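The values are calculated or read from the model by the stated rules, or taken from the named source; none is laboratory data. Since we're looking at a predicted model, the values are computed, not measured. Positions of Cβ are generated from backbone atoms using ideal geometry, with glycine treated the same way; all protein chains shown enter the neighbour counts. For the accessible areas, the whole protein counts, side chains as well, though only heavy atoms, and no ligand, DNA or RNA atoms are used. Shrake-Rupley method; radii C 1.70, N 1.55, O 1.52, S 1.80 Å.
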Amino acid sequence: MSVIEYDVIIIGAGVAGLTAGAYLAGRGFRVALVTKGEPTACLSTGGIDVCSYNDNPLLGIKELPSDHPFHLVDEKIIRESLDNFQTAMNEMDMPYKGSAEKNRFILSALGTFKTSCLVPSTMEAAAQDAKESIHIITFKGLKDFYPGYIISRRKNAKFSIYDAGVSSTMGIASHFEEREFLEKFLLWLEKQNIYQDKIAFPAVLGLESATKITDTIAILTGKPVFEIPTLPPSMPGRRLFNALKKYFRKKGGEIYWGWPVIGVEKSEKIIEAVITSSKGRPNSLNGKAFILATGSFVGGGLTATREAIIENVFNLPVHVPGPRETWFDNDYFSLNHGIGRAGIIADSSLRPAGTPMENVFVCGGILANTEILKNGCGHGLALATAHLAAKSCMEYIR
Amino acid sequence: MNFEHCIRCTICVENCPVFRVNPEFPGPKQAGPDAQRFRSDRERVEDKWVLLCSQCKRCEMACPCGVEPAQIILREQQRYGKEHPQTAAHLLFANNYYLSALGSLTAPIANMVASTETGKKFFRKMGISTYIPFPKFRFRTLRNEKKNLNTGIKKVAFFFGCFINFYRPDIGRKIVRLLSAMNVDVVLPPQWCCGLPALGNGNLALAKYFAQKNAASLSNYIDAGYDVVYTCTSCGLCLLHDYPDILKIPQAKKIAENSYDLHEYIIKLINEGYIKPDFGEVRRKIAYHIPCHLRALEIGYPATKIMAMIPGLEYEILDDTCCGLSGSYGFKESNESTAVQLGNRAISLIRKTGAKDIVADCGSCRMQLGGLSGMTALDPAEILCESLGIKDQKS
């Protein structure tokens, strides 16, 4: 028995799921999103990587192997998805900077450069080369962020330590949301005599007001200020997730937390409902179409056993990159682990291949042959395929 | 408890309200799955910090791998409570039910004592916080009501919970009238504290005692064709989650399958076509604070479905913050600073919405948010009653 009729049920609360959901909800569809927990987007740097192959990410996409799912999405849709994303983030007071034609760099906590396409405005001022001198402010006891790594790579960097009273990223970030804390911090900062070109912080400058806080510090010091993404817990990732979530709700979407899908009701060609576990009775949600955006292994969309790889929700056929010996490269840090190619193969409307199901669409990291780490295409691919899946979904319902 | 499924991604840590403000608490990942690898039932629990977990369950709701850090910690809290002498505050709050029953019997005196400076000083001596006023006991509790307003086809045994019973019986009466107006036959079955306060204060034996009594009573009603409807989301979570799990109540499965949150039940009645309520206009702009335990019930936010049907009502959902009180947690002096910091943060987010009133399903959330902000904090059922013109019987 189903509780309420929806047009579209989205499974997965990551960048892909929330984006597809907001797109559809904003066009008048009744959308519900079910999720087991919070997405891996929370663990990310918050940057939207489109493709790191080329200085121009849109040209880089063209150089990707022919079976890469980016080739299923028209360039017009990719541009649209990036534009829509920037508009949404502006609306949520978390502007993203950058252009689809030019990659930029984020300075990493190791002092290396990470390529990204659109970055949160708090990282816009990030040093783009080794020439600019930077002053790093870090916090007493903060684990997983050591300015020494950065300084060892760049001679023109210095650091100071502030005692925030707490030492966790989350704790410091929520303190920055308090006016008194910020004022006290700014008084301290003024006394630091910073002569370098730019001021860098680990990414702990607030939760929902990060843009404002970064700007405040920049105005006060008269120097460009930027954040350096940290290891998880990653505040820029969490801000991205929170903003997408809020935007989806604002468009009229509904989110069901803690609803892992444990079964489906289906006829020959149609999925009718997803069943999710709950503390009491199982819940069931029915819809006209379903978008699968559960991510790959870490996100919970795929599970690997010794012999096979399983898609956890609809049990769709999974593209397995070859016999098990080829799943992993001998070098742990290699970007060529075969398992990075595992996933669902989809057609040009993002319907999964090898199944008769007509009303299921797949997007994001669960797609096959993405090799996200190697190609540097995580959130960008999620945005683009989410748009395509949402469009296909609309076409199907009409 | 599947702590081995933890991939150490720290999403739970990001969601832990206590970890954010109290450096003494190592966070759900370390206190839960990480530490669990080194625990043995044959060794005494020496980690006092397990008591700092407020059992909001946010870690469990966030975990992408299905690990239950709060549940792991809850077990350790019970072991700690058993192996170590209890503080006065823990003992009192575990026995909140008896304390409240006494308070209600002596309501005018008890309320007076609780509100005087001497009374507050006494509380503080006992390790009990007084930063927000203690809720007022009501002499006329809900369980004293004898009524059967209607005899519909649908039959409901109303598990009203201690908060409604001892402090806000007026809301309870409204709910009874609301369900009756929907042609539902409502009874107030014999009931005791759900057991959650006892669990939260490390008193497993007392929690079991309450749970067994409730289960026997509710189970009889279910056999007689009644659905159980709860309104306190923490009572609900205890019935649905803790009875089958840590409390090992034999009738738990039956109770879980037949229990409904009030708003979930009303939606069910609407979906089944049993009622077609004619919602009147409610001109309010509200911030709907989602109690952590409503989230943890995994039933979605059913009250929002009703709110969406009420003309004129503007609401914004806030489900990222814990109010900080967590039942008796924030009333303990040792947790006061945590509770106040979290409460103020929740309020600053509420203020940003521009809402005039706060709405929350949980009595203790309302107590905290209303008490710290001075804003009106309402139960969603009160909004619903306002829309349908249902009043407490006295007027």
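A:S66 passes every criterion in (1) more than 21 Å from the chain's Cα centre (by Cα); (2) within 21 Å of A:P232 (Cα to Cα) apart from (2).
Of the numbered criteria (1) small (G, A, S); (2) touching a Phe, Trp or Tyr at 6+ places or on another chain (Cβ under 7 Å); (3) within 14 Å of chain A (Cβ to nearest Cβ), the one B:G202 fails is (3).
Looking across the range B:222-246, the residues that are surrounded by 22 or more Cβ atoms within 10 Å (Cβ to Cβ) and either among the hydroxyl-bearing types (S, T, Y) or under 14 Å from B:P197 (Cα atoms) (or both) come down to B:Y230, B:T231, B:C232, B:T233, B:S234, B:C235, B:G236, B:L237, B:C238, B:L239, B:D242, B:Y243. Listed conditions (1) modelled with pLDDT of 85 or more; (2) out of contact with any helix residue (DSSP H, G or I) (no Cβ under 9 Å at 6 or more places or on another chain) are all met by B:L91, apart from (1). Among the strands (runs of 3 or more DSSP E) confined to the range B:187-295, the ones with at least 2 residues that are more than 30 Å from B:N344 (Cβ to Cβ) are located at B:227-230, B:259-261. If only residues of the range A:144-185 that are closer than 20 Å to A:G46 by Cβ and acidic (D, E) are counted, the one that is nearest to the chain's Cα centre (by Cα) is A:D144.
Considering every residue within the range B:327-340, establish whether at least one is open to solvent by less than 10 Å² (accessible area, probe 1.4 Å) and assigned to a loop (DSSP other than H, G, I, E, B). Scanning the range B:327-340 turns up no residue that is open to solvent by less than 10 Å² (accessible area, probe 1.4 Å) and assigned to a loop (DSSP other than H, G, I, E, B).
Filtering B:D320, B:D361 for residues that are of a type outside the set (V, I, T), outside any helix (DSSP H, G or I) and more than 14 Å from every other protein chain (Cβ to nearest Cβ) leaves a single hit, B:D361. Candidates in the range A:375-398 are the residues that are over 21 Å from A:L82 (Cβ atoms) and either among the aliphatic types (A, V, I, L, M) or touching a residue at least 12 places away in the same chain (Cβ under 8 Å) (or both); of these, the one that is least open to solvent (accessible area, probe 1.4 Å) is A:I397. Mind checking which residues of the range B:1-28 are at the interface with chain A (Cβ under 10 Å from one of its Cβ atoms) and not in a loop (DSSP other than H, G, I, E, B)? Selection gives B:I11, B:C12, B:V13, B:E14, B:N15, B:P17, B:F19, B:R20, B:V21. Go through the range A:150-171 and report how many residues are at pLDDT 95 or above and either within 14 Å of another protein chain (Cβ to nearest Cβ) or loosely packed, with under 15 Cβ neighbours inside 10 Å (or both). Within the range A:150-171, residues that are at pLDDT 95 or above and either within 14 Å of another protein chain (Cβ to nearest Cβ) or loosely packed, with under 15 Cβ neighbours inside 10 Å (or both) number 2.
Just checking, does the range A:245-260 include any residue being farther than 30 Å from B:A308 by Cα and within 12 Å of chain B (Cβ to nearest Cβ)? Taking every residue of the range A:245-260 in turn, none turns out to be farther than 30 Å from B:A308 by Cα and within 12 Å of chain B (Cβ to nearest Cβ). Is it the case, given these coordinates, that A:K223 is in a loop (DSSP other than H, G, I, E, B), more than 14 Å from chain B (Cβ to nearest Cβ), of a type in the set (K, R) and under 30 Å from A:I137 (Cα atoms)? Criteria met by A:K223. For first residues located in the range B:2-30 and open to solvent by less than 20 Å² (accessible area, probe 1.4 Å), partners that are of a type in the set (F, W, Y) and not in a helix (DSSP H, G or I) and lie 6+ apart or on another chain with Cβ distances below 8 Å form the pairs B:C16/B:F25; B:V18/B:F25. Taking the criterion of being within 21 Å of the chain's Cα centre (by Cα) and within 19 Å of A:D215 (Cβ to Cβ), the residues of the range A:109-143 that qualify are A:L118, A:V119, A:P120, A:S121, A:T122, A:M123, A:E124, A:A125, A:A126. Answer with yes or no whether A:E311 is more than 14 Å from chain B (Cβ to nearest Cβ) and more than 27 Å from the chain's Cα centre (by Cα). No: the conditions fail for A:E311.
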